[in-house]
1. Which residues, taken from the range 17-75, are of a type in the set (A, V, I, L, M, F, W, C), touching a residue at least 24 places away in the same chain (Cβ under 8 Å) and within 29 Å of T163 (Cα to Cα)?
2. Any chance you could count how many residues in the range 160-194 are out of contact with any Leu (no Cβ under 7 Å at 6 or more places or on another chain) and assigned to a helix (DSSP H, G or I)?
3. Out of the residues in the range 47-72 that are open to solvent by less than 30 Å² (accessible area, probe 1.4 Å) and not hydrophobic (A, V, I, L, M, F, W, C), which is nearest to the chain's Cα centre (by Cα)?
4. Among the candidates T89, T149, T107, single out the residue that is in contact (Cβ under 8 Å) with a residue 60 or more places away in the chain and either within 28 Å of L161 (Cα to Cα) or more than 13 Å from the chain's Cα centre (by Cα) (or both).
5. Contact list please: Cβ distance under 7 Å, first residue in the range 111-132 and within 16 Å of A146 (Cα to Cα) and in a helix (DSSP H, G or I), second residue open to solvent by 30 Å² or more (accessible area, probe 1.4 Å) and aliphatic (A, V, I, L, M), pairs at least six apart or on different chains.
6. Before we move on, is T163 open to solvent by 20 Å² or more (accessible area, probe 1.4 Å), under 23 Å from S196 (Cα atoms) and of a type outside the set (A, V, I, L, M, F, W, C)?
Amino acid sequence: MEGLLAIEAETKFLLTANDRSYEEKLMQELLRIFKEAELLFGPRDASYELSVPRITECASSRTYIIRPLRMTRIYLSRQSRSKPWVASTELAHEAIHVLSPVAFGSTLTILEEGLAEWFAQRYVSRVHGMTFERGSDPKADAVMRAVSTLLAKNQSVIKQLRTRQPVISKIDEKLLVEVAGIELSQAKFLCTDFKSYWRRAPPHSTYT
């Protein structure tokens, strides 16, 4: 369904003569976000062209990687049209996935998803004065806690890891232990497939 809504957004863009200034404004914000993200986490894979974000009727944002054309496009949710803080949150979150694009269907780890959310919350807190409280979802809390703990020791650790493995979701347990100096149990949790983790019931031994 989300794929069809993305196609619909492209069709509307091509067939209507609406003012494009809002999308251009989103693109300018995205470029500012990338400057901050690259400073913290290392350079974006510049072999992929960065396309102007689109607004869709989707309930959430997502990124599509067009590998044959080496292009990336961020599609924002319908809420982002009327709520600037939502647009900023989604742009910042998806920007992390665009740093090192992977093929559709590839495994995204807890490290990458958690990093995307950590960065988005950090950005929106500063730009829009938003606050984010934990405690409503044990799984989300565990993810944020693991990533926050990793970055608390060394906020440049992702940049250091990416000099060895540029693709965030391909950073493995061994590299995390070696470079970040964390316990193997934390490394295993961070390298877990995010979708599989999110779908299953919370285990008794969730990383804390």
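The values are calculated or read from the model by the stated rules, or taken from the named source; none is laboratory data. The structure displayed is predicted, hence computed values, not measured ones. All Cβ positions, glycine included, derive from the backbone under ideal geometry; neighbour counts span all protein chains shown. In case anyone asks, the SASA skips ligands and DNA or RNA and just uses the protein heavy atoms, side chains included. Shrake-Rupley method; radii C 1.70, N 1.55, O 1.52, S 1.80 Å.
1. Within the range 17-75, M27, L30, I33, F34, A37, L40, F41, L50, V52, I65, I74 qualify.
2. Of the residues in that region, 11 qualify.
3. Among those residues, the one meeting the criterion is S61.
4. It is T107.
5. Partner pairs satisfying both residue conditions: none exist.
6. Numbers: open to solvent by 20 Å² or more (accessible area, probe 1.4 Å): yes; under 23 Å from S196 (Cα atoms): no; of a type outside the set (A, V, I, L, M, F, W, C): yes.
Answer is no for this residue.
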